[in-house]
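Structure first, commentary second.
The values are calculated or read from the model by the stated rules, or taken from the named source; none is laboratory data. Only a predicted model underlies this, so the values are computations on that prediction, with no experimental measurement involved. All Cβ positions, glycine included, derive from the backbone under ideal geometry; neighbour counts span all protein chains shown. With ligands, DNA and RNA removed, areas are computed over all heavy atoms of the protein, side chains included. Shrake-Rupley method; radii C 1.70, N 1.55, O 1.52, S 1.80 Å.
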Amino acid sequence: QANDPAWTAAAEGGDLRPVGSNQPASQSTDFRVVYDDEALYLAFRCHEPRTEAIVTAGDARDDASIYTGDTFELFFGCVENRNKHWHVSISPANCQWDAWDGDPARDAPWQSATSRDTNGWGGELRIPFTIFNLDAPPIGGRWHVNVGREDKPTRENSTWSNVENHFLEPQNFGTWTFGE
């Protein structure tokens, strides 16, 4: 995972913080983002030294029980309509959950893969631009975005962009701009 040469030039993120805090999360999470003419790609790593403590839940697409286990989550949408966004989540067992504006009935055609090792778990996501009715990346476009992690062993929810009370605070999401 994430050992393709394309990831070496990817934009990097990390430094997730618990919800409502400016302190670093107890377990680090790293991610990288790239895109091509068809899709946005995100590779992530959820560090967990006690791999036996990783909690896997959910066994079907959009099974809400995924949230009783560890998850990596991505929230993204156009800046112009900050209240409308896609929310995608993935478990260590590659169980997927997604929703458009809170509605899990609208499945997006995204792909994912996950793996575990002695240092935690991670994965890769491929999110086609067609879910936004786009034929190509929105060069110069800005998306409001947040990355989150639910870490069940520590009972900690952490995010890349500071939120005050919970993950679903689009007014507090960060911004990604698509360069050329």
message: Rolling a 1.4 Å sphere over the protein heavy atoms, what is the accessible area per residue of the chain, to the nearest Å²?
response: 48
- request: Using a 1.4 angstrom probe on the protein heavy atoms only, line up R61, R149 by accessible area, largest first.
  value: R61, R149
- line: With a 1.4 angstrom probe the carbon and sulfur portion of accessible area for segment 5-153, in percent, totals 48
Sorted peptide list for 37-48, 101-112, criterion being average Cβ within 10 angstrom, highest first: 37-48, 101-112
query: Can you run phi through the Karplus equation (6.51, -1.76, 1.60; θ = phi - 60°) for segment 48-60 and list ³J(HN,Hα) in whole Hz, with x for Gly and Pro?
result: 7, x, 9, 4, 5, 8, 4, 9, 10, 9, x, 9, 8
message: As I understand it, the dipole of segment 46-150 uses +1 on the Cβ of Lys and Arg and -1 on the Cβ of Asp and Glu, about the Cα centre. Which of T130, T68, V55 lies farthest toward its positive end?
response: T130
- request: Answer with one residue from T114, V145, V34: the one whose Cα lies farthest towards the positive end of the charge dipole of the chain, charges on Cβ with Lys, Arg +1 and Asp, Glu -1.
  value: V145
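Just to confirm a number: summing +1 for Lys and Arg and -1 for Asp and Glu over residues other than P104 whose beta-carbon lies under 10 angstrom from that of P104, what do you get?
Details: positive: R61, R106; negative: D62, D63, D98, D103, D107.
Computed value for this residue: -3.
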